[in-house]
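Take a look at the structure below.
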Amino acid sequence: MTDSTPHEDAIVERPLVALVGNPNTGKTTLFNRLTGARARVGNYPGVTVERRIGTLTFEDARFSQADVLDLPGTYSLTARSKEEQIAIESVLGTSSPPPALAVLVVDAGQLVRNLYLGLQLIELEVPLVVALNMMDEVTTPPDAEGLARLFGVPFVPIVARRGDGMEALTKTIAAALAAPPVGKVRPPYPQALLAEVEQLAQHSGVLALLGERHSPARAPIDALDLASPAGVDSDEATASARVAPCARVSAARLRALALWALGSIDEDDELTGIEPSLRRACLELRAASDRDVDAEIIGARYRFLDEHVAPLAATPATSDAVVEISESRRLTERVDRVALHPVWGFALFALLMLAVFQALFSWADPAITLIESLFGWLGASARATLPAGILTDLLVDGVLGGAGNVVVFLPQILLLFLALGLLEDSGYMARAAYLMDRIMKALGLHGRAFVPLLSGCACAIPAIMATRTMERERDRLLTMLVVPLMTCSARLPIYTLIIAALFPATQLFGFVPVQGLVMVGMYLLSMLFTLAAAGVLGRTVVRGRRMPLVLELPPYRLPTLRSLLRQMLGRAGLFLKEAGTVILACTIVLWALLSFPRLESARMTQDVASVAASSVAIANVAASPPNELASVPAIATATAALPASPICGTLQSALDEDARNGERARRLEHSYGGRLGKFIEPAIAPLGFDWKIGIGLLGAFAAREVFVSTMGLVYGIGDGADEESLPLRAKLKLEKRADGEPVYTPLTGLSLMLFFMLACQCMSTLAVVKRETRSWRWPAFLFAYMTALAYLTSLLVYQGGRLLGFA
Amino acid sequence: MTLADVALKQPMTVVAVGGERGLRRRLMELGLVPGTTVTVERVAPLGDPLELRARGCTLSIRSSDARAIAVAPC
């Protein structure tokens, strides 16, 4: 984007501003304030970290607009993981265009620790503006002017949440883009360390940290470098950069880069793009030195901050003195006495989680039903107006059905992100993590993984999207990989059908209903599997480095409607755009699989269908109650027994209905999906499944509950069958194998339910994991491990059960 | 004596930070360098994590990590 672009003017018109800061400094709030409505969401290369860019518009400045990049929250630029490397690479512009300016967001109440990052940026000669955020939460505001004098860069007091100081900040940014402010301060590093660093700075690998732009091989004039550091340590070097075709780097910047390398490079780091010889040089230097390099570097920075920043900060340097606490912090103290109480704290937590669960499970239901009936109505009207045929089928079953499959998730997604926004913005989420950490740590999960796991009981789609609340890639990934194991509501119809059809409605010990017991057992078992999977995957696939958990308990704040709406709509939009398209495409493919090839007697089929359709229409007028599916077999048998008797309209239509359903079952069997079901039969037979179940498993990919209606189709009951359908239950019980044994025994039922409990029979889950991780690798892994787990478990239970003598 | 076993609200001085390099560097970068005054403000109901206050800033870390920080009364 920057170099090698022929129009350099265009580059100058739209500089890049990087927003950096510690976690919990209101960085994202400021990002939203600065950039207004829309952010372009992408991904950093190689990691599953979201990259958001928005546009900042200036009034009468040299630049009319700037791109603002929201960097992940970080305490330091020192890096060890690929994920941490994002921060340093983004501010240096190693693999992307370098920012013309960094805006550091700091919490005015936590100045010393927040400015540690500022010090690193200044050492690296990154042009800087500091936004002193949360000025409303400190009683004695920090001395912004004194800080600006000390660091040599502007400090602008703001309250991002209320929008205070935005105009001043925008003006300062505009001015800083015209004349980049580069700080001058340097921490008092020990002389011996400096000598070593000086030597390391000569290494060619240090310059290479700045990326290709600075390699001697490629030497374009870099517009942004021309605008960068003037008059710091080496006026000469920078001045020569203005004329020389190769961008030069000042000696001080090289020293800072060498210091970064020394502090970051390790025997087992995950950093990429580091020259092997630089890696060796750093390791040798550390090994040769008998001093504690890390402590020297970090200690020197804090010595500087303690000495110079602490006196200008709002709070005294040491906390043992009387700390003046602002109103909001005092209120927070009082609320926390309840919220973090051993008894009341957990009670409040349980209550809030119950509300979240209730919202997803019940409150979303009317909206979901409405969406389903709306799409049902749309499909029916399309069928009524369009001529019957393959195109109409594609439109109704494929496209409309697919769109319905996407939109139906929206109520839960919107509600969950409303709940998440409330929990997060109010500051309660950090408390929940604080309370639950001990328990979640034992499972290898982050404290914040609780809400996604709980949401997984309703639906994995919003739950996977909710993993956003965790900062570390490893925590997010692990949670995403285990959430689909929780019993979501789409599994319930299958459990209901199987339990009702195959398990006796008797009571154990006279008072424990067997059917209820099986249902509860399925829930508990899925939880056990989820926790076990977290334990195993967390130690193997997504092991990750042991990192100290760092939590901050921010003061309680009132969430703003603006940020709540923005989060809800933004996430829903991303889901529609990115996961939605995949779900739609999969629905159409599945539809095609189950519809093609059509039966050879296609014309006859259509004739039968149209005759049946017209007779249904007649029947609907004739019959007072709309055609009751439950009575169909009975009526059919009755009419078959009385061939000579005059047939009334209702009976005729029932017969037609029956014929139509039989036709549809045959069509389904004839389709690719049907053939695939038969093809996989040898593989699923050891689990107790026949090819008809095989078709059901394929159909269930659209959504698990579709299994029930697919089985309805397979057994010729029609497509209106649901889990309460009595004829479907009856059919299941009567179904026989070739040897006369019943297909569906309680053992088959158990095997089938276990398969559904564990298998990733949900393309929407895979689509949303793809959207969150931005690669097909993790959805592929998720599908593979869950299917393998399901297969093995079902195999073990079915074969074990048979060995033990259960039918 | 480590930070994991000090009494609440008792001002302590960090004497040394130990542990594996990544953990140690991270703890120090959060401000827990030798010589820093730190107090344990609160312990979560289940005994973990600990809420610390140093340099007017607060943060919570796990007691297993706090065990890497040697302290002495100041």
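Tabulated values for the structure
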| item | result |
| --- | --- |
| Failed item in (1) at negative phi; (2) more than 7 Å from chain A (Cβ to nearest Cβ); (3) surrounded by fewer than 21 Cβ atoms within 10 Å (Cβ to Cβ), with B:Gly19 passing the rest | (1) |
| Any pair with Cβ under 6 angstrom, 6 or more apart, that starts in region A:450-473 at a residue that is on the phi < 0 side of the Ramachandran plot and ends at one that is among the aromatic types (Phe, Trp, Tyr) | A:Leu454/A:Phe357; A:Ala458/A:Phe361; A:Ile461/A:Phe409 |
| A:Tyr428 of a type in the set (Ser, Thr, Tyr), under 23 Å from A:Arg474 (Cβ atoms) and modelled with pLDDT of 90 or more | no |
| Residue within region A:152-161 that is surrounded by 23 or more Cβ atoms within 10 Å (Cβ to Cβ) and within 14 Å of chain B (Cβ to nearest Cβ) present | no |
| Considering residues of region A:39-94 that are among the hydroxyl-bearing types (Ser, Thr, Tyr) and not in a loop (DSSP other than H, G, I, E, B) only, the residue surrounded by the fewest Cβ atoms within 10 Å (Cβ to Cβ) | A:Thr57 |
| Test: residue in region A:300-315 that is farther than 30 Å from A:Val159 by Cβ, assigned to a helix (DSSP H, G or I) and either more than 8 Å from chain B (Cβ to nearest Cβ) or at pLDDT 90 or above (or both) | yes |
| Flag for A:Leu565 being out of contact with any Phe, Trp or Tyr (no Cβ under 7 Å at 6 or more places or on another chain) and either touching a residue at least 12 places away in the same chain (Cβ under 8 Å) or not β-branched (Val, Ile, Thr) (or both) | yes |
| Flag if B:Leu8 is aliphatic (A, V, I, L, M) and facing another protein chain (nearest Cβ under 9 Å) | no |
| Given (1) over 25 Å from A:Leu117 (Cβ atoms); (2) within 9 Å of another protein chain (Cβ to nearest Cβ), index of the condition B:Thr58 fails | (1) |
| Filter result for A:Arg248 (outside the structural domain of A:Ser76 (by TED's automatic domain parsing), modelled with pLDDT under 85 and either farther than 21 Å from B:Leu23 by Cα or outside any helix (DSSP H, G or I) (or both)) | yes |
| Criterion violated by B:Ser63 - all others in (1) more than 22 Å from A:Thr332 (Cα to Cα); (2) facing another protein chain (nearest Cβ under 9 Å); (3) touching an Asp or Glu at 6+ places or on another chain (Cβ under 8 Å) satisfied | (2) |
| Residue among A:Asn114, A:Asn24 that alone is touching an Asp or Glu at 6+ places or on another chain (Cβ under 8 Å), under 27 Å from A:Ser426 (Cα atoms) and buried (at least 23 other Cβ atoms within 10 Å of the Cβ) | A:Asn114 |
| Counted residues, region A:76-120 - those being closer than 20 Å to A:Pro142 by Cα and within 14 Å of chain B (Cβ to nearest Cβ) | 14 |
| Pairs, first facing chain A (nearest Cβ under 7 Å) in region B:39-51, second of a type in the set (Lys, Arg) and assigned to a strand (DSSP E or B), C-beta under 6 Å, six or more apart | B:Thr39/B:Arg53; B:Glu51/B:Arg42 |
| Positions within region A:272-299 being surrounded by fewer than 16 Cβ atoms within 10 Å (Cβ to Cβ) and either among the hydrophobic types (A, V, I, L, M, F, W, C) or in the same structural domain as A:Ser90 (by TED's automatic domain parsing) (or both), in sequence order | A:Leu283, A:Ala287, A:Ala288 |
| Single unsatisfied condition, A:Pro548 versus (1) touching a residue at least 40 places away in the same chain (Cβ under 8 Å); (2) buried (at least 18 other Cβ atoms within 10 Å of the Cβ) | (1) |
| Test: residue in region B:25-32 that is within 9 Å of chain A (Cβ to nearest Cβ), touching a strand residue (DSSP E or B) at 6+ places or on another chain (Cβ under 7 Å), surrounded by fewer than 21 Cβ atoms within 10 Å (Cβ to Cβ) and under 26 Å from A:Asp292 (Cα atoms) | no |
| Extreme residue, modelled with the lowest pLDDT, among residues of region A:457-487 that are part of a loop (DSSP other than H, G, I, E, B) and buried (at least 24 other Cβ atoms within 10 Å of the Cβ) | A:Ala458 |
| Any hit, region A:473-483, residues being among the basic types (Lys, Arg), farther than 30 Å from A:Leu750 by Cβ and away from every other protein chain (no Cβ under 14 Å) | yes |
| Candidates A:Ile695, A:Ile684 - the one that is in a helix (DSSP H, G or I) and over 24 Å from A:Leu584 (Cα atoms) | A:Ile684 |
| Residue in region A:127-137 that is assigned to a loop (DSSP other than H, G, I, E, B), buried (at least 24 other Cβ atoms within 10 Å of the Cβ) and within 14 Å of chain B (Cβ to nearest Cβ) present | yes |
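The values are calculated or read from the model by the stated rules, or taken from the named source; none is laboratory data. Fair warning: this is a prediction, and the values are worked out from it, not measured in the lab. Reconstructed Cβ throughout: ideal geometry from the backbone, glycine too, with neighbour counts over all protein chains shown.
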